[in-house]
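Asker: Sharing a structure, written as structure tokens. Questions coming.
The values are calculated or read from the model by the stated rules, or taken from the named source; none is laboratory data. Computed from a predicted structure; not experimentally measured. Glycine also receives a Cβ, built like all others from the backbone with ideal geometry; neighbour counts cover every protein chain displayed.
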Amino acid sequence: MAISTLIPAAASRAADATRANLQANLRELTRTQPRLIATIETTPLDPEPVYARDGSLTAFGPDGRWWHDCSVPLRAAEAMLATLDVKGRVACMLAPTLGAQVRVALDRMRPDQALVALCPDAADVRVMVESHDFSAGLIAHRLWFAWGDDWVEQLRCLFDERPGLATPAQFVRLPTTAAEDVERMVPAAQAVFAEVNAGRAREVNDPTCSSALALLQSAGDCHAVCAADTSRVDLPGVVPDHMPWVTWVTRPMSIPPVDSAGRADVLVLADPTWQRSAQDAGWPAERVSTGGWPVAPAAIDSSPQVLGVITDTLAVAMPEALGEFSSHQLLWTDIAAELAADPFSMRDNSASYLERQMKRRGVSADGFDSALFLDRLIFPTYVQAVVRFLIREKVPVRLFGRGWDETHEFREHAAGPVTSRAAFLRIREEIAAVVDVSPPPGGHPLHRLGLPVVRADSARELIAQARRALAGDATAPQPIERISLATIGARVRREGRHG
């Protein structure tokens, strides 16, 4: 319990921050969910803004108590959502009561994932949009609300108004949400999803364009489909077989088998070293070309004495979902220990490495969640182990991306998330070289930044390359021809004639 006894200066700062958050959120809600604005503005509530004990912004209710009796909303949300693992493009959060819960969930989701917050109490929405600036998530179509006593109807309206927004594949339940509320809300939400789910499938890019229906509607006015790391095998039957589909492959695991392709489909590889992988997948050479990432302008020669790692990471924790499978738990523990000790023991690609580890320990592929192991264990453990080698050898390094500040051993090297292209380009002026910490076979787009790249197959070679880069004894890789609409158009026309 807390009674409002704010120091005037602190109260003023909290009020100013609340007004700024509210204005920023309302400005974007006019573009995404304008009906919600009327609810926020007419909610019969006058919460008192206050900074919580963990430094986040919250409110005192009319009774002078902390909003929902929580004096550390951000810290509590981080603890409750520490193992959040959203697998689909859209997740549905059941009855969040604090803005920090929504904020932490969005931060732990990928930039191409969206969150639908079901808020039966409209007063909670009012405090949320005053406590946190969600404008970036609203602009990116990553945050949506269904609110009030008629939240079911609001949810239905949301999907009617946004036909490209995929229905959620996962519910996010908070420990603070009463079991009876969950039992009441889940069936009601699922009924809405069932109504609007016909024909909807997997992702494209923007969450509001992530269903097969949205692609089908758009393709009717087009002569070809061009997608990054998404091919016809991902959306079978949506686009006519005769329509060319160009897949720009920026990750080698995105190369589809040729037997899933249409006769006019082509691949554009971001790295020419993946030609063999395309050949192994059955693609004839004449249907495969190379198109690299846009090349950034040359860096100013300021000779900074620090290396840069540019990638997001996350705390590695065994998910609760593995609790029913002792063999899966043992596999998780063994892989975590092996990669932490020697990440370079993973000589082949991540999927092959996982398959090899499963066979070694007799783990069946039936019911096995490979994506969970790759995304939540192998990728972050590999990245962190490589960085740990650099820090241990006292190589100066800055860690750009989300998640680095959440782990004590990396916190002092964390440089914050990269939120825009401009911020990305500024990084290049702050580092001498970039360290490619992506698992084998590598080929990360950072190779195309115009800076020297440090990548090695052993800890000794890694440290040697790092020191050469810091000494100025390293050169940037030669850029390949960038992908362009002109080259894509030429390939489409050629294959169309041949098909």
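Asker: Six or more apart or on different chains, Cβ under 9 Å: which pairs go from a residue in region 398-422 that's at positive phi to one that's among the charged types (D, E, K, R) and buried (at least 16 other Cβ atoms within 10 Å of the Cβ)? Could you list them?
Answerer: 401/312; 403/107; 403/108; 403/312; 416/402; 416/405
Asker: Could you look through region 335-352, keep only residues that are within 25 Å of the chain's Cα centre (by Cα) and at pLDDT 90 or above, and pick out the one that is nearest to residue 84 (Cα to Cα)? Talk me through it step by step, then tell me what you get.
Answerer: We begin by selecting, within region 335-352, every residue within 25 Å of the chain's Cα centre (by Cα); these are 335-336, 339-340, 343, 346, 348-352.
Filter again for at pLDDT 90 or above, leaving 335-336, 339-340, 343.
Details: 335: 20, 336: 19, 339: 22, 340: 22, 343: 25 Å.
Filtering region 335-352 for residues that are within 25 Å of the chain's Cα centre (by Cα) and at pLDDT 90 or above, the one nearest to residue 84 (Cα to Cα) comes out as 336.
Asker: On to the next question. From (1) out of contact with any Cys (no Cβ under 7 Å at 6 or more places or on another chain); (2) more than 20 Å from residue 130 (Cβ to Cβ), pick out the condition that doesn't hold for residue 116.
Answerer: (1)
Asker: Would you check if residue 236 is part of a loop (DSSP other than H, G, I, E, B) and either of a type in the set (S, T, N, Q) or modelled with pLDDT under 85 (or both)?
Answerer: Numbers: part of a loop (DSSP other than H, G, I, E, B): yes; either of a type in the set (S, T, N, Q) or modelled with pLDDT under 85 (or both): yes.
Here the answer is yes, as residue 236 does meet what is asked.
Asker: Look at region 326-346 and say how many of its residues are in contact with a Phe, Trp or Tyr (Cβ under 8 Å, 6 or more places away or on another chain) and of a type outside the set (A, V, I, L, M, F, W, C). Show your work before the answer.
Answerer: Kept after step one, since they are in contact with a Phe, Trp or Tyr (Cβ under 8 Å, 6 or more places away or on another chain), are these residues of region 326-346: 328, 331-332, 335, 339, 343, 346.
Then keep just the ones that are of a type outside the set (A, V, I, L, M, F, W, C); that gives 328, 343.
Here the count works out to 2.
Asker: In region 170-185, how many residues are assigned to a loop (DSSP other than H, G, I, E, B) and more than 26 Å from the chain's Cα centre (by Cα)? Quick ask: steps written out before the conclusion?
Answerer: Narrowing region 170-185 to residues assigned to a loop (DSSP other than H, G, I, E, B): 174-178.
From what is left, the residues that are more than 26 Å from the chain's Cα centre (by Cα) are 178.
Result for region 170-185: 1.
Asker: Something else about it: When only residues in region 103-117 that are touching a residue at least 60 places away in the same chain (Cβ under 8 Å), within 17 Å of residue 81 (Cα to Cα) and not in a helix (DSSP H, G or I) count, which is farthest from the chain's Cα centre (by Cα)?
Answerer: Taking region 103-117 first, the residues touching a residue at least 60 places away in the same chain (Cβ under 8 Å) are 105, 107-108, 112-114.
Subset that is within 17 Å of residue 81 (Cα to Cα): 105, 107-108, 113-114.
This time we only want the ones that are not in a helix (DSSP H, G or I), so: 113-114.
Values: 113: 6, 114: 10 Å.
Here the answer is 114.
Asker: What about residue 348, is it in a helix (DSSP H, G or I), acidic (Asp, Glu) and either on the phi < 0 side of the Ramachandran plot or surrounded by 13 or more Cβ atoms within 10 Å (Cβ to Cβ) (or both)? Walk me through how you get there before you give the answer.
Answerer: Numbers: in a helix (DSSP H, G or I): no; acidic (Asp, Glu): yes; either on the phi < 0 side of the Ramachandran plot or surrounded by 13 or more Cβ atoms within 10 Å (Cβ to Cβ) (or both): yes.
In short, no.
Asker: Checking the structure you have, find out if any residue of region 82-93 is of a type in the set (Asp, Glu), without any contact (Cβ under 8 Å) to a residue 60 or more places away in the chain and more than 25 Å from residue 16 (Cβ to Cβ).
Answerer: Applying the first criterion (of a type in the set (Asp, Glu)) to region 82-93 yields 85.
Checking the rest, the ones that are also without any contact (Cβ under 8 Å) to a residue 60 or more places away in the chain come to none.
So far as region 82-93 goes, no, none of its residues is of a type in the set (Asp, Glu), without any contact (Cβ under 8 Å) to a residue 60 or more places away in the chain and more than 25 Å from residue 16 (Cβ to Cβ).
Asker: Please list, ordered by first then second residue, the pairs with beta carbon atoms under 9 Å, 6 or more apart or interchain, first in region 13-41 and of a type in the set (A, V, I, L, M), second exposed (fewer than 13 other Cβ atoms within 10 Å of the Cβ).
Answerer: Within 9 Å, the pairs are 26/41; 37/30.
Asker: Within region 123-163, how many residues turn out to be in contact with a Phe, Trp or Tyr (Cβ under 7 Å, 6 or more places away or on another chain) and either among the hydrophobic types (A, V, I, L, M, F, W, C) or without any contact (Cβ under 8 Å) to a residue 40 or more places away in the chain (or both)? Before you say what the answer is, go through the steps one by one.
Answerer: We begin by selecting, within region 123-163, every residue in contact with a Phe, Trp or Tyr (Cβ under 7 Å, 6 or more places away or on another chain); these are 125, 127, 143, 154, 158.
Cutting the leftovers down to either among the hydrophobic types (A, V, I, L, M, F, W, C) or without any contact (Cβ under 8 Å) to a residue 40 or more places away in the chain (or both) gives us 125, 127, 143, 158.
Matching residues across region 123-163 total 4.
Asker: Something else now. Return a yes/no flag: does region 78-100 have any residue that is modelled with pLDDT of 90 or more and of a type in the set (Lys, Arg).
Answerer: For region 78-100, residues modelled with pLDDT of 90 or more and of a type in the set (Lys, Arg): absent.
Asker: Count, please, the residues in region 150-169 that happen to be touching a Pro at 6+ places or on another chain (Cβ under 7 Å) and either in a helix (DSSP H, G or I) or surrounded by fewer than 23 Cβ atoms within 10 Å (Cβ to Cβ) (or both).
Answerer: 1
Asker: Determine, yes or no, whether residue 31 is over 19 Å from residue 67 (Cβ atoms) and either at pLDDT below 90 or not assigned by TED's automatic domain parsing to the domain that holds residue 154 (or both). Please lay out each step first, then the result.
Answerer: Values: over 19 Å from residue 67 (Cβ atoms): yes; either at pLDDT below 90 or not assigned by TED's automatic domain parsing to the domain that holds residue 154 (or both): yes.
Yes, satisfied.
Okay, residues lined up against (1) out of contact with any helix residue (DSSP H, G or I) (no Cβ under 9 Å at 6 or more places or on another chain); (2) in a loop (DSSP other than H, G, I, E, B); (3) at pLDDT 90 or above; (4) of a type in the set (Gly, Ala, Ser):
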| position | (1), (2), (3), (4) |
| --- | --- |
| 262 | no, yes, no, yes |
| 273 | no, no, no, no |
| 277 | no, no, no, yes |
| 283 | no, yes, yes, no |
| 286 | no, no, no, no |
| 289 | no, no, no, yes |
| 295 | no, yes, no, no |
| 302 | yes, yes, no, yes |
